[in-house]
Amino acid sequence: MPGNYNEEKMKRVALVSLGCAKNLVDSEVMLGILEKQQYDLVPEIEMADVIVINTCGFIHPARQEARDVIRKAILEKTRTKSKKIIVAGCFVQRSQDSLRKAFPEVDAWTGVTDFDKIGQIIEGKSYKNAKNCFLYDHTSPRLLSTPPAWAYVKISEGCSKSCSFCAIPLIKGPYRSRNIPSVAEEARKLVSKGIREINLVSQDTTFYGKDLRLKDGLVLLLKELLNIDDLGWIRILYSYPEEITDSLLEIMCEEKICSYLDIPFQHSHPYITKRMKRGLDGKKSLKLLKRIRKKNPDIVIRTSLVVGFPGEGKQEFRDLKSFVAQARFDHLGVFIYSPEEGTSCYELGDPVKESVKMRRKEDIMDIQSVISYENNRKYIGLSIEALIEGTLKEDESLMVGRGQFQAPEVDGIIFISTEERKTILFNSIQKVEITGRDVYDLYGNINR
Ligand code: SF4
């Protein structure tokens, strides 16, 4: 049961951030607000008086993870009889009533509209509920949790697409862009703190500005960001296939813009893509990839796919395997289909057995691991620019970094050996001689 607390004492806060990069930005905004309100931020829930859990509610495995973290927090509360638990985020936005019934020990709940009032929520003070999903801007406090070399910048919230399997529009509402001056001002501030790489994130980054009636909004934003001195790399994550324009591919030839595109294609078989309400089947997607690679032969492409969607039989899955073999992506992630209440394909049920879904995911990753390993061959012997992120925890003699062709947290890294470790900054861009490769990672030296 929510307890009577000595509010004075409720000063140490631990925040657990679950889910995607966009959720991490929301967590960093909550941390920034709490720091500004003089809370002590601690890394472990065992050290905290208040535990804040920022949940993901996108698919079943994410909700399972959130329940496990909530249970762990409740155990910790029961153990000490003096902790407060606040649960926030997408899972709460979707299923607050059932969560309240399942976890009566939790002290307060907030979805995605009011987490900027985290201070009042901790203190149990009342506040006016906002209508829309909270979207921060350059004036919002934010405490970065990523390495000093890079940061995510969320440029919008919500999504106006209607992919039949996706619950995001139900959770976050329609697409809302931040304005260009606000994103640029935030980027400038981050660079002034030493950030060298900015990763633009949203649910659909290529849709940016359309709700503001901007034509080619993302290109306009990139033009603005290119003017920021000392900003080394700009990366575009979460693109939508049909929104990749020639003008976007044009501006991506700029040195500062990573020659990297993350384009979730989801599936290839026309019967499945139609049921998914996705515009491009495999044939059209391969044509788009050909157009992109003709414009920019060195571009690196990441995608994500869904296996086990209702109706995906042996033939449809064979088609997907052949698509992956032909497309030769540099990086690829696979989700197994999770039926989501409220989505337009929910009534199709979940006919593909879990074991079959898991095997199909492995099959696709097996095909991809061969392609990734072969693709990595092209870096051997090259001297490439790497953003230094730090040293390897397990082996301090090795530094770790990434090339423009590797996005943070999802793609491989570069293990770097050097005699000059002490003089290399953890957010500098260095020339690295690539000497070895793995399926996803690379090995290299810095010889200055
Ligand atoms: S574009 Fe992405 S976030 Fe939007 S509905 Fe489709 S899958 Fe969901």
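Could you look at the stretch 380-446 and say what percent of its accessible area is carbon and sulfur, using a 1.4 Å probe and all protein chains?
53
Can you pull out the GluC sites (Glu not before Pro) in the stretch 334-421 that DSSP calls coil and that have at most 16 other Cβ atoms within 10 Å?
Details: sites: E340, E341, E347, E354, E362, E374, E385, E389, E394, E396, E409, E419, E420; in loops: E340, E341, E394, E396, E409, E419, E420.
Those that pass, being in a loop and sparsely packed, are E341, E394, E396, E409, E419, E420.
Calculate the FRET efficiency for A102 and D229 from the Cβ-Cβ distance with a Förster distance of 51 Å, rounded to the nearest 0.05.
On the way: r = 51 Å, r/R0 = 1.00.
Approximately 0.50, to the nearest 0.05.
Among the trypsin sites (Lys or Arg not before Pro) in the stretch 53-90, which ones are in a DSSP loop with at most 15 other Cβ atoms within 10 Å of the Cβ? Mind listing them?
K81
In square angstrom, what is the accessible area per residue of the chain with a 1.4 angstrom probe?
Details: 20100 Å² over 448 residues.
Averaged over the residues of the chain, the accessible area is 45 Å².
For the stretch 12-123, which whole-number percentage of the solvent-accessible area (1.4 Å probe, protein heavy atoms only) is attributable to carbon and sulfur atoms?
Exposed carbon and sulfur together represent 52 percent of the surface.
So, with +1 on the Cβ of K and R and -1 on the Cβ of D and E, and no other charges, what is the size of the charge dipole of the chain about its Cα centre, to the nearest 20 debye? Could you put the intermediate results ahead of the total?
Values: 68 positive and 63 negative charges, 224 e Å.
I would put it at about 1080 debye.
As a test of the formula, what do you get for the chain when each DSSP H run with n ≥ 4 contributes -39,500 (n - 2.57) and the sum is divided by the residue count, at 222 nm and rounded to the nearest 500 deg cm²/dmol?
-10000 deg cm²/dmol
Name the trypsin sites (Lys or Arg not before Pro) in the stretch 359-409 that are in a loop by DSSP and that have at most 12 other C-beta atoms within 10 Å, would you?
Answer by residue number: K393.
No partner Cβ under 4.7 angstrom, meaning no disulfide-compatible partner by this rule: which Cys of the chain qualify?
C20, C56, C90, C133, C159, C253, C258, C345
Residue separation times 0.36 nm, minus the C-alpha to C-alpha distance between K422 and R291: what's the value?
Full extension from K422 to R291 adds 42.7 nm.
The values are calculated or read from the model by the stated rules, or taken from the named source; none is laboratory data. As the structure is a computational prediction, the values presented were derived from the model and not from experiment. Methodologically, a virtual Cβ is constructed for each residue, glycine included, from the backbone with ideal geometry; neighbour enumeration extends over all protein chains shown. Quick note on the areas: whole protein, heavy atoms, side chains included, nothing else; ligands and nucleic acids left out. Shrake-Rupley method; radii C 1.70, N 1.55, O 1.52, S 1.80 Å.
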